[in-house]
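Q: One structure, as structure tokens, below. Some questions next.
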Amino acid sequence: MGLFITLEGVEGSGKSTQIRNLAEFLTARGIQTTLTREPGGCPIADKIRTILLDAENKTLSPLSELMLYAAARAQHVTEVIAPSLEAGNVVLCDRFCDATLAYQSFGRGIDRGVIENLNRLACQGVSPDLTVLIDCDASVGLERARRRINATAGPREERFELEELSFHQRVRAGYLQLATEQPDRILVIDGAATIKDIFASISTQILTRLAEPLRAVR
Ligand code: TMP
């Protein structure tokens with residue numbers, strides 16, 4: 001089995017830049033790496049992503065939203081994540097189950113137990129070995145994310161960026177609570193540090209985790 005690593009954070013936390021750099025770093029070391037993201041990661045889940053992030057879908061209900069994230073995840077796990085892990089790859093995934101708890105439970109207020117059950121069903125036994133939470137002030141991240149959307153051509157994936165600041169503050173607090181509950185799995189990194197320093201912290205952790213099974217065998 002490979003190693004499953006997820007990156008999480010509020011909008012504009014810088015996780016997408018970090019995950020791209022990490023994929024290059026691991027690939028350059030000859031480590032078979034799968035870089036993927038949620039919602040999306042395969043054609044059917046990408047279609048669901050379009051519905052979820054389209055700012056025109058103002059009437060999408062919180063429950064429908066939750067089910068669509070779960071449907072996209074079930075497809076993504078089946079088609080991409082589980083086979084890549086079985087092939088022994090390091091799988092780097094930009095957001096996963098913790099995002100559903102942070103956004104749909106802490107953010108939207110849906111019962112946490114319901115989401116945990118749905119996550120379990122969609123994940124089909126797959127769970128992250130390591131989750132890196134890039135913690136960032138919600139207003140700083142939101143400002144950064146809105147600037148990026150305005151500078152990007154093509155469809156505006158901004159349904160969440162249009163949410164008010166208090167929503168994003170609840171999401172941040174939710175992520176931090178999850179990290180407090182699961183300190184062995186969730187590593188919190190200060191998103192205010194430089195891109196280079198954040199990368200150094202994350203890559204060191206990943207190399208340590210990759211060396212662990214070898215150490216156990218010796
Ligand atoms: P992205 O901007 O990191 O690509 O993420 C897409 C958006 O989807 C982001 O605003 C967070 C949101 N999201 C959820 O609300 N629940 C989830 O389960 C996932 C994976 C993402």
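Q: Could you tell me which of the residues Gly191, Gly141, Gly154 is among the small types (Gly, Ala, Ser), more than 27 Å from Ile51 (Cα to Cα) and within 14 Å of the ligand (Cβ to nearest atom)?
A: Working: Gly141 fails: more than 27 Å from Ile51 (Cα to Cα); Gly154 fails: more than 27 Å from Ile51 (Cα to Cα).
Answer to the check: Gly191.
Q: Now a separate question. Name the pairs whose Cβ atoms lie under 6 Å apart, with the first residue in segment 26-52 and in contact (Cβ under 8 Å) with a residue 40 or more places away in the chain, the second away from the ligand (no atom under 16 Å from the Cβ) and assigned to a loop (DSSP other than H, G, I, E, B), and 6 or more positions between them or separate chains?
A: Here the result reads Gln32/Asn89; Thr34/Asn89, each pair linking segment 26-52 to a residue that is away from the ligand (no atom under 16 Å from the Cβ) and assigned to a loop (DSSP other than H, G, I, E, B).
Q: Answer yes or no as to whether Thr194 is at pLDDT below 95, open to solvent by 70 Å² or more (accessible area, probe 1.4 Å), at negative phi and not aliphatic (A, V, I, L, M). Give the steps one after another, and end with the answer.
A: Details: at pLDDT below 95: no; open to solvent by 70 Å² or more (accessible area, probe 1.4 Å): yes; at negative phi: yes; not aliphatic (A, V, I, L, M): yes.
No.
Q: Take Val132 and decide whether it is under 17 Å from the mean Cα position of the chain (by Cα), under 22 Å from Leu176 (Cβ atoms) and more than 11 Å from the ligand (Cβ to nearest atom).
A: The answer is yes for Val132.
Q: Please verify whether segment 76-94 includes one or more residues that are open to solvent by 10 Å² or more (accessible area, probe 1.4 Å), assigned to a helix (DSSP H, G or I) and within 12 Å of the ligand (Cβ to nearest atom).
A: No, segment 76-94 has no match at all.
Q: Right, next: Output the residues belonging to segment 129-148 that are hydroxyl-bearing (Ser, Thr, Tyr) and exposed (fewer than 15 other Cβ atoms within 10 Å of the Cβ).
A: Listed by number, the list holds a single entry, Ser139.
Q: Answer yes or no as to whether Gly107 is among the small types (Gly, Ala, Ser) and touching a residue at least 60 places away in the same chain (Cβ under 8 Å). Let's see the steps before the verdict.
A: Details: among the small types (Gly, Ala, Ser): yes; touching a residue at least 60 places away in the same chain (Cβ under 8 Å): yes.
In short, yes.
Q: Follow-up. Pick out, from segment 120-218, the helices (runs of 4 or more DSSP H) lying fully within it that include 3 or more residues that are under 22 Å from Ile19 (Cα atoms) and among the small types (Gly, Ala, Ser).
A: On the way: elements: 138-151, 165-181, 195-217.
The helices (runs of 4 or more DSSP H) meeting that bar are 138-151, 195-217.
The values are calculated or read from the model by the stated rules, or taken from the named source; none is laboratory data. Being a predicted model, the structure only gives us computed values, none of them experimental. Here Cβ is always computed from backbone atoms with ideal geometry, including for glycine, and neighbour counts include all displayed protein chains. Side chains are part of the model used for accessible areas, which takes the heavy atoms of the whole protein and leaves out ligands, DNA and RNA. Shrake-Rupley method; radii C 1.70, N 1.55, O 1.52, S 1.80 Å.
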